[in-house]
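The values are calculated or read from the model by the stated rules, or taken from the named source; none is laboratory data. The structure presented is a predicted model; accordingly, all values stated were derived computationally and were not measured. Heads up, the Cβs are rebuilt from the backbone with ideal geometry, glycines too, and the neighbour counts pull from every protein chain shown. To get the accessible areas, we keep the full protein, side chains included, count just its heavy atoms, and leave off ligands, DNA and RNA. Shrake-Rupley method; radii C 1.70, N 1.55, O 1.52, S 1.80 Å.
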Amino acid sequence: MNFLVLVNEQQKEVQNFVDESNLNLNKHFVRNIISIRGANYSTQAVEKTVNQSHPSLRKNAGVAFPVEVNYQERLVVIQEVKRTYSRILNVDEVIQAIRSAVLEEHGLQIYAVVLLKAISLPKDSDGKIDRQTCQKIFLNASLDAIHTWTVNPQQDLQQLQADVDALLENIQMSIQQTQFKVS
């Protein structure tokens, strides 16, 4: 009888270990996925795209994560800048390069870009970038940033209106050309 109790206890310990391992694996997997507008994106793929978007950005020194804005998940990028660029950095150029690269490669609009000095991203005890801490300090606006860019909804609406107007003009010109060819 004691042998059965011992085996049962060992089974429970093994099952608990397996459950905890799977839970930790799932937590790790979920942290590495960004879900925006019902589609899933790899944080590492987005971060790699950001790293390669401009020569002033430090390799493997950035983080991408979602934040909820007006009930929608939006993408935030925090990225360190190389020391050699700190005095000559054209922030508008860098932010445009990041936004364009992420839009082209992943079809994602960025909500915010934060540029940081080299070696200033929070890291965990293993020396890895601490994604959760980055998200918390972004939400608390407590980052010591070189520059922070955030979407300006009014500017976005103006750009959208300009894009729609240009598209409408192109359609009208195509219709006129088609009518001219037919007659």
Once the whole set of protein chains is in place, how much accessible area is left on Asp144, using a 1.4 Å probe, in Å² to the nearest 10?
110 Å²
State to the nearest 20 debye the size of the charge dipole of the stretch 31-83 about its Cα centre, where the only charges are +1 on K and R beta carbons and -1 on D and E beta carbons.
260 debye
Kindly provide the trypsin sites (Lys or Arg not before Pro) of the stretch 106-179 that DSSP labels as loop, not H, G, I, E or B, and whose Cβ sees at most 11 other Cβ atoms within 10 Å.
Lys128
Using the per-residue mean of other Cβ atoms lying within 10 Å as a proxy for protection, in what order, highest first, do the peptides 51-61, 84-94, 67-77 fall?
51-61, 67-77, 84-94
Over the heavy atoms of Thr133, what accessible area does a 1.4 Å probe trace out, to the nearest 10 Å²?
50 Å²
